[in-house]
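Encoded as structure tokens, the structure appears first; notes follow it.
The values are calculated or read from the model by the stated rules, or taken from the named source; none is laboratory data. Please read all numbers here as calculations on a predicted model, not as lab measurements. Glycine gets a Cβ as well: all are built from the backbone with ideal geometry, and neighbour counts include every protein chain shown.
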Amino acid sequence: MLKFLGNIEAKADSKGRLFVPALYRKSLEKSGEASLILRADPINKCVKLYPESIWAKMDEEFTAHLNLWDQKDLALYRQFTASVEPIDLDSNGRVLISKRHLDMIGVETDALFVGVGNYFEIWNKQTFEGSLSAMDDFAAAMQSKMGNSKQVL
């Protein structure tokens with residue numbers, strides 16, 4: 001099962017290549033994933049990298065809710081997939097992120113990989129830190145969501 005957790009700092013080289021953290025590469029290798037799908041996040045200033053099998057499931061689930069003969073649904077799907085790029089790890093474990101995507105997320109050299117379960121994101125470190133809730137707000141949100149749960153987090 002794929003799991004990407006934590007956040008790991010990285011540096012982009014002059015060509016826009018980033019070393020995928022070893023922990024993430026091991027997870028990809030263990031599950032037999034060779035390719036990633038990059039998609040710009042329309043809400044946050046980050047890019048998301050999905051293992052190809054996870055992307056395929058997500059795409060299938062999304063299209064199951066659409067009628068691609070309907071022009072509004074087709075336009076929505078088109079926009080959803082317009083910023084998608086297939087990405088392969090090179091032999092050194094790096095991914096090449098296009099300049100337009102690096103510019104969009106504000107990464108010149110310093111980047112942050114953030115694990116989000118079955119995919120991971122690349123952020124500008126300051127932007128990511130600014131997106132986090134204050135600890136009291138985070139604790140209240142967790143209690144609100146999980147307050148009735150018997151599971152200890």
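General observations
- From the list L96, L68, L74, L132, the lone residue that is touching a Gly at 6+ places or on another chain (Cβ under 7 Å) and either farther than 17 Å from I8 by Cβ or loosely packed, with under 11 Cβ neighbours inside 10 Å (or both) is L96.
- Filter result for G16 (exposed (fewer than 12 other Cβ atoms within 10 Å of the Cβ), modelled with pLDDT under 95 and not aliphatic (A, V, I, L, M)): no
- The stretch 27-56, subset of a type in the set (K, R) and under 16 Å from I105 (Cβ atoms), residue surrounded by the fewest Cβ atoms within 10 Å (Cβ to Cβ): K45
- Here A82 meets the list (1) closer than 24 Å to L5 by Cβ; (2) without any contact (Cβ under 8 Å) to a residue 12 or more places away in the chain; (3) of a type in the set (A, V, I, L, M, F, W, C) almost entirely, failing just condition (1).
- Considering residues of the stretch 99-129 that are assigned to a strand (DSSP E or B) and surrounded by fewer than 18 Cβ atoms within 10 Å (Cβ to Cβ) only, the residue farthest from the chain's Cα centre (by Cα): D110
- Checked across the stretch 64-82, the condition of being out of contact with any helix residue (DSSP H, G or I) (no Cβ under 7 Å at 6 or more places or on another chain) and closer than 13 Å to L18 by Cβ holds for no residue.
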